[in-house]
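Asker: Here you go, one structure.
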Amino acid sequence: MAKYLVQKSGPLSGEVTISGAKNAVLPLMAAGLLAEEQTTIKDVPALRDVNVLMEVMMKLGAEIDMPEEGVLNIHTKEIQTTEADFDLFKKMRASILVMGPLLAREGKARMPLPGGCSIGARPIDLHLKGFRQLGATTEVKDTYVEAVAPEGGLVGGSVYLDFPSVGATENIMMAAVLAQGTTYIENAAEEPEIVDLANFLNKMGARIKGAGTDTIKIEGVEHLKGTVHRVIPDRIETGTFMLAAAITRGEILIKNVVTDHVKPIIAKLRECGVQVELVDEGMYVNGGNKALTATDIKTLPYPGFPTDIQSPFMAFLTTVEGESQVQETVFENRFMHVAELNRMGANIKTDGRSAVIPGGKQLVGSQVIATDLRAGAAMVLAGLVAEGTTEISEIYHIDRGYEKFVEKFRGLGATIIRIED
Ligand code: EPZ
């Protein structure tokens, strides 16, 4: 299995350009199943998750080609099957996002029940609740889940999401765009990726209002047409590089950012004393201009502090003076990186969904594992400041969600290499 070897790297410096957002491009691709005409998505990041979803969609009948780097043409003239390929599907749980489009276009969908992962059970009950509110019947068997629309197709309805689930909001929105009548999603997720998907669907002829707020109204239309759309920059990759400047006390110019999407991260880093300036080319982050101090973090659905930045931020907090508290309210098991940071001398204590980080630590390089995509990034950040060498295994997680990860860090002066076992 591949590993990263990371050496203590001193302050990083230079500039980095953020790629298209993983968590926006996946729903945009799935939405390509809704139109008979071709849709084109630009600034698509080269990620394993994108490749897996391409394969899932091609098995369903979509014709997909990449005429140049970062450009994806999706042409779903007809859906060939409404049953997802189980083996492919299992590689990435976000494949569940094809369920809404299949239901909308073909009136049925049969998917393997997506497994949980290291950060939580990742249920899909809210997705299925939404489909039922649109008139579908849903059935969960031991290994798969099936949804079938009524004879005349889905009918607009109202659904209240018990939790503002990102995936459920996206799946229900995509199911509703071709339904008869109007759908309301209450307590909807407000993430920028939801807004990007609504913008894409509206360019295809959908009639969606309220994306980015807690109530989304979707008026069903007869059919959707093709369009061209550029995916938004990745706010989580942006936060990761902001923290790379902070933890190494370096200074980085981050380009291709939407600063509105990272407001909580800007606020929290400024509380610690990190300099963050919004400049014409993007965002300038300097972690070295003064002694940095502790802060407390509580993850929340957008616009709160993003759960995906919790573990990278925790790595940073181990190095600042003072005690920090971190609360993880979105996922039930997202502290798997704590044991790995403690192997490096962080001495973090956890109690359920809360963690206390003593801070002021000089981390020591060790053999650690990437327990999920973002925890992997956290371990790389820790390795940049730990004494000696840090060997990070299970890095396939990182390949899933960060484009040109090693090249971007080396471009900033990081000493990091990938070794294949
Ligand atoms: C999306 O996952 C992201 N993935 C995650 O990013 C991100 O952490 C998460 O949103 C929260 O922001 C993609 O967009 C592909 P949720 P998703 O449904 O949609 C519970 C990364 O590292 N829930 O908002 O699966 C669920 O258990 C990944 O890029 C239900 O109870 O997240 C969790 O506790 C990790 N029932 C909470 O909601 C449901 O039907 C948030 O999940 C659905 C979700």
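The values are calculated or read from the model by the stated rules, or taken from the named source; none is laboratory data. Predicted, not measured: the structure shown is a model, and the values here were computed from it. As a convention, Cβ positions derive from the backbone with ideal geometry for all residues, glycine included, and neighbour counts pool all protein chains shown. In case anyone asks, the SASA skips ligands and DNA or RNA and just uses the protein heavy atoms, side chains included. Shrake-Rupley method; radii C 1.70, N 1.55, O 1.52, S 1.80 Å.
Asker: Could you check the stretch 300-333 and list, in sequence order, the residues that are of a type in the set (A, V, I, L, M) and either open to solvent by less than 40 Å² (accessible area, probe 1.4 Å) or without any contact (Cβ under 8 Å) to a residue 24 or more places away in the chain (or both)? Full working, then the answer.
Answerer: Step one: list which residues in the stretch 300-333 are of a type in the set (A, V, I, L, M), which gives 300, 309, 314-315, 317, 320, 326, 330.
Selection gives ILE309, MET314, ALA315, LEU317, VAL320, VAL326, VAL330.
Asker: Taking the residues in the stretch 368-392 that are open to solvent by 10 Å² or more (accessible area, probe 1.4 Å) and modelled with pLDDT of 95 or more as candidates, determine which candidate is nearest to PHE313 (Cα to Cα).
Answerer: VAL385
Asker: I'm trying to understand the selection: among the residues of the stretch 160-180, which are within 11 Å of the ligand (Cβ to nearest atom), more than 17 Å from the chain's Cα centre (by Cα) and buried (at least 23 other Cβ atoms within 10 Å of the Cβ)?
Answerer: ILE172 - this is the single residue of the stretch 160-180 that is within 11 Å of the ligand (Cβ to nearest atom), more than 17 Å from the chain's Cα centre (by Cα) and buried (at least 23 other Cβ atoms within 10 Å of the Cβ).
Asker: To continue, here is another question. What strands (runs of 3 or more DSSP E), lying completely within the stretch 210-305, carry at least 1 residues that are closer than 30 Å to GLY152 by Cα and not acidic (Asp, Glu)?
Answerer: Where strands (runs of 3 or more DSSP E) fall fully within the stretch 210-305 and carry at least 1 residues being closer than 30 Å to GLY152 by Cα and not acidic (Asp, Glu), they are 215-219.
Asker: Further, regarding this structure: Given the options GLY365, GLY345, name the one that is more than 16 Å from the ligand (Cβ to nearest atom) and open to solvent by less than 30 Å² (accessible area, probe 1.4 Å).
Answerer: Of the residues listed, the single one that is more than 16 Å from the ligand (Cβ to nearest atom) and open to solvent by less than 30 Å² (accessible area, probe 1.4 Å) is GLY365.
Asker: Suppose the filter is of a type in the set (D, E, K, R) and under 22 Å from ARG235 (Cβ atoms); does ASP49 pass it?
Answerer: yes
Asker: Here's something else I'd like to know. When the residues of the stretch 261-272 are filtered to those that are more than 16 Å from the ligand (Cβ to nearest atom) and without any contact (Cβ under 8 Å) to a residue 40 or more places away in the chain, which remaining residue is surrounded by the most Cβ atoms within 10 Å (Cβ to Cβ)? Working first, answer last.
Answerer: Residues of the stretch 261-272 more than 16 Å from the ligand (Cβ to nearest atom): 266-272.
Now narrow it down to the ones that are without any contact (Cβ under 8 Å) to a residue 40 or more places away in the chain: 266-267, 269-271.
Details: ILE266: 20, ALA267: 12, LEU269: 24, ARG270: 12, GLU271: 14.
For the stretch 261-272, the residue satisfying everything is LEU269.
Asker: Residues to consider are THR293, THR307; find the one that is more than 25 Å from the chain's Cα centre (by Cα) and among the β-branched types (Val, Ile, Thr).
Answerer: The unique qualifying residue is THR293.
Asker: Counting only residues that are over 17 Å from the mean Cα position of the chain (by Cα) and open to solvent by less than 10 Å² (accessible area, probe 1.4 Å), which one in the stretch 1-30 is nearest to GLU387 (Cα to Cα)?
Answerer: That would be VAL6.
Asker: Please tell me if ARG400 is open to solvent by less than 30 Å² (accessible area, probe 1.4 Å), within 16 Å of the ligand (Cβ to nearest atom) and of a type in the set (D, E, K, R).
Answerer: No.
Asker: Does the stretch 370-384 contain at least one residue that is of a type outside the set (Ser, Thr, Tyr), more than 16 Å from the ligand (Cβ to nearest atom) and farther than 22 Å from ASP296 by Cβ?
Answerer: Within the stretch 370-384, one or more residues are of a type outside the set (Ser, Thr, Tyr), more than 16 Å from the ligand (Cβ to nearest atom) and farther than 22 Å from ASP296 by Cβ.
Asker: Let me ask something else. For the stretch 232-250, check the following and say yes or no: at least one residue is out of contact with any Leu (no Cβ under 8 Å at 6 or more places or on another chain) and open to solvent by 60 Å² or more (accessible area, probe 1.4 Å).
Answerer: Checking the stretch 232-250: not a single residue is out of contact with any Leu (no Cβ under 8 Å at 6 or more places or on another chain) and open to solvent by 60 Å² or more (accessible area, probe 1.4 Å).
Asker: Same structure again: I'd like the full set of residues that are within 16 Å of the ligand (Cβ to nearest atom) and either over 15 Å from GLY157 (Cα atoms) or buried (at least 23 other Cβ atoms within 10 Å of the Cβ) (or both), limited to the stretch 181-198.
Answerer: Scanning the stretch 181-198 gives ILE185, ALA188, ALA189, GLU190, GLU191, PRO192, GLU193, ILE194, VAL195, ASP196, LEU197, ALA198.
Asker: Right, next: In the stretch 138-154, what count of residues is obtained for those that are among the aliphatic types (A, V, I, L, M) and in a loop (DSSP other than H, G, I, E, B)?
Answerer: Total satisfying the criteria: 2.
Asker: Could you tell me which residue of the stretch 276-291 is modelled with the lowest pLDDT, considering only residues that are touching a Leu at 6+ places or on another chain (Cβ under 9 Å) and surrounded by 12 or more Cβ atoms within 10 Å (Cβ to Cβ)?
Answerer: Of everything passing the filter in the stretch 276-291, GLU281 is modelled with the lowest pLDDT.
Asker: Among GLY130, GLY135, GLY167, which is of a type in the set (Gly, Ala, Ser) and part of a loop (DSSP other than H, G, I, E, B)? Write out each step before concluding.
Answerer: On the way: GLY130 fails: part of a loop (DSSP other than H, G, I, E, B); GLY167 fails: part of a loop (DSSP other than H, G, I, E, B).
After applying the criteria, what remains is GLY135.
Asker: Do you know which residues across the stretch 103-123 are in contact with a Gly (Cβ under 7 Å, 6 or more places away or on another chain) and more than 9 Å from the ligand (Cβ to nearest atom)? Outline the logic, then answer.
Answerer: So in the stretch 103-123, the residues in contact with a Gly (Cβ under 7 Å, 6 or more places away or on another chain) come out as 107, 122.
Of everything in the stretch 103-123, just one residue is in contact with a Gly (Cβ under 7 Å, 6 or more places away or on another chain) and more than 9 Å from the ligand (Cβ to nearest atom), namely GLY107.
Asker: Something else now. Hey, does the stretch 207-214 have a residue that's open to solvent by 10 Å² or more (accessible area, probe 1.4 Å), in contact with a Lys or Arg (Cβ under 8 Å, 6 or more places away or on another chain) and on the phi > 0 side of the Ramachandran plot?
Answerer: yes
Asker: Being within 17 Å of VAL44 (Cβ to Cβ), touching a residue at least 60 places away in the same chain (Cβ under 8 Å) and either small (Gly, Ala, Ser) or within 16 Å of the ligand (Cβ to nearest atom) (or both) is the filter here, so list the residues in the stretch 403-412 that pass it.
Answerer: Across the stretch 403-412, the qualifying residue is only GLU403.
Asker: Restricting the first residue to the stretch 374-390 and requiring it to be without any contact (Cβ under 8 Å) to a residue 40 or more places away in the chain, which pairs with a second residue that is surrounded by fewer than 24 Cβ atoms within 10 Å (Cβ to Cβ) and among the hydrophobic types (A, V, I, L, M, F, W, C) meet a Cβ separation below 8 Å and a spacing of at least six or different chains?
Answerer: GLY376/ILE395
Asker: Could you count how many residues in the stretch 261-303 are in contact with a helix residue (DSSP H, G or I) (Cβ under 7 Å, 6 or more places away or on another chain) and among the small types (Gly, Ala, Ser)?
Answerer: 2
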